[in-house]
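I have placed the structure first, in the form of structure tokens, so that the comments after it can refer back to it.
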Amino acid sequence: MDIDSSDKDAYTEAVIADELRKKITAWTAKAVAAGIDRDWANAWLRTLGAEQVTGSSTYRMNVPITGVFGKTVEASTRAEAAEKFLEHVQRIAAAGQITDHGHCDNVYEVKFHQDPPVTAADITFYAGPEDPEPNTEPVPDLGAFKDAARKMLIEGVSAQGWSYLYAKKAVTDLGLEELPALQYRTLQVPVSGTYQVQVRVFEGSDDAVVQRAAASQVRRAGAVVIKPEEMGDAVAAPADQDEDSVSF
């Protein structure tokens with residue numbers, strides 16, 4: 001039975017698309033390791049029908065327990081030892097937790113509240129990322145994949161801090177259309193809030209002098225353009241006469 005040429009082409013494109021999905025996941029995993037937001041990346045990978053980035057993360061979790069608190073103390077009598085022990089009990093009760101910072105606190109005869117034994121359903125997570133959402137997006141064909149992958153890389157550079165050179169290498173590896181020329185544009189962004197600036201001025205300087213110094217320092221930082229009269233009131237603080245740099 002002869003196989004239609006269109007079926008052969010579709011199969012070939014499907015194989016190529018599958019290989020490119022593996023590549024975009026690999027490129028994205030490196031970008032996430034370099035600091036790109038994983039949730040943003042995985043949202044795009046779901047759109048592309050590609051495997052999402054997981055990687056190793058730190059998780060913190062707990063389950064309720066009961067037990068016996070133990071402590072070793074140095075004392076001359078049992079009464080003195082009991083007094084010292086109760087001080088430690090009060091310390092832990094006030095803190096609401098046992099975090100052994102060199103105190104040699106111990107918990108014995110630990111019993112978990114769950115019966116039968118603890119299962120995953122009993123665990124409470126209080127730190128660590130959520131698992132990636134299941135991929136329910138329709139898998140794009142080769143042409144749609146290439147268009148979306150290019151858009152992902154463009155957005156990654158412009159909005160997520162993805163390295164332009166790194167993105168260009170990914171485009172070449174994936175066989176995508178070249179990225180547009182990179183441009184830098186300056187725009188004014190209205191802001192409101194309070195930004196504390198420390199400046200060095202000589203004793204006896206009036207508010208106008210302090211405000212001009214602060215405005216100049218903010219301008220040198222390159223993020224905000226501000227007029228001296230827009231600065232708030234100055235609060236005096238002694239300066240280190242030997243310190244040439246000012247942190248802000």
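Close contacts from region 30-41, counting a first residue that is within 17 Å of Asn135 (Cβ to Cβ) and free of Cβ contacts under 8 Å to residues at least 40 places away in the same chain and a second that is surrounded by 14 or more Cβ atoms within 10 Å (Cβ to Cβ) and among the small types (Gly, Ala, Ser), with Cβ to Cβ under 6 Å and a gap of 6+ residues or different chains, come to Val32/Ala41.
If only residues of region 165-205 that are aliphatic (A, V, I, L, M) and touching a residue at least 60 places away in the same chain (Cβ under 8 Å) are counted, the one that is surrounded by the most Cβ atoms within 10 Å (Cβ to Cβ) is Ala170.
Being of a type in the set (Val, Ile, Thr), assigned to a loop (DSSP other than H, G, I, E, B) and exposed (fewer than 12 other Cβ atoms within 10 Å of the Cβ) is a description that does not apply to Thr66.
Applying the condition of being of a type in the set (Ser, Thr, Tyr) and over 30 Å from Arg212 (Cβ atoms) to region 146-197 and asking which residue is farthest from the chain's Cα centre (by Cα) yields Thr172. Among residues that are modelled with pLDDT of 75 or more, farther than 30 Å from Pro140 by Cβ, surrounded by 16 or more Cβ atoms within 10 Å (Cβ to Cβ) and not assigned by TED's automatic domain parsing to the domain that holds Thr25, Ala234 is not included.
Does Gln160 qualify as being under 25 Å from Leu20 (Cβ atoms) and surrounded by 10 or more Cβ atoms within 10 Å (Cβ to Cβ)?
On the way: under 25 Å from Leu20 (Cβ atoms): yes; surrounded by 10 or more Cβ atoms within 10 Å (Cβ to Cβ): yes.
In short, yes.
If you check Glu83, Glu19 for being in a helix (DSSP H, G or I), modelled with pLDDT of 90 or more, more than 28 Å from the chain's Cα centre (by Cα) and not assigned by TED's automatic domain parsing to the domain that holds Leu142, only one passes: Glu83.
Being within 26 Å of Thr136 (Cα to Cα), crowded, with 19+ Cβ neighbours inside 10 Å, of a type in the set (A, V, I, L, M) and in contact (Cβ under 8 Å) with a residue 12 or more places away in the chain is not true of Ala14.
Scanning region 203-230 for residues that are assigned to a loop (DSSP other than H, G, I, E, B) and either under 30 Å from Val157 (Cα atoms) or at pLDDT below 70 (or both), we see that the one that is farthest from the chain's Cα centre (by Cα) is Lys227.
Could you please find all residues in region 22-51 being under 17 Å from Gln160 (Cα atoms) and outside any helix (DSSP H, G or I)? Walk me through how you get there before you give the answer.
In the first step, residues of region 22-51 are kept if they are under 17 Å from Gln160 (Cα atoms); the result is 24-25, 27-45.
Within region 22-51, Ala34, Gly35, Ile36, Asp37 qualify.
Within region 3-51, the set of residues being aromatic (Phe, Trp, Tyr) and touching an Asp or Glu at 6+ places or on another chain (Cβ under 6 Å) is empty. Looking at Glu74, is it in a loop (DSSP other than H, G, I, E, B) and either of a type in the set (Asp, Glu) or assigned by TED's automatic domain parsing to the domain that holds Ala34 (or both)? Here the answer is yes, as Glu74 does meet what is asked. Exactly one residue among Ile98, Ile3 is surrounded by 12 or more Cβ atoms within 10 Å (Cβ to Cβ) and at pLDDT below 85, and that residue is Ile98. Remark: Glu137 matches the filter, which requires a residue to be part of a loop (DSSP other than H, G, I, E, B) and surrounded by 11 or more Cβ atoms within 10 Å (Cβ to Cβ). Within region 111-124, identify whether any single residue is more than 30 Å from Val15 (Cα to Cα), loosely packed, with under 14 Cβ neighbours inside 10 Å and touching a His at 6+ places or on another chain (Cβ under 6 Å), and answer yes or no. There is no residue in region 111-124 that is more than 30 Å from Val15 (Cα to Cα), loosely packed, with under 14 Cβ neighbours inside 10 Å and touching a His at 6+ places or on another chain (Cβ under 6 Å).
The values are calculated or read from the model by the stated rules, or taken from the named source; none is laboratory data. All figures in this text were calculated on a predicted structure; none of them were measured in a lab. Counting neighbours? That spans all protein chains shown, and the Cβs are built from the backbone with ideal geometry, glycine included.
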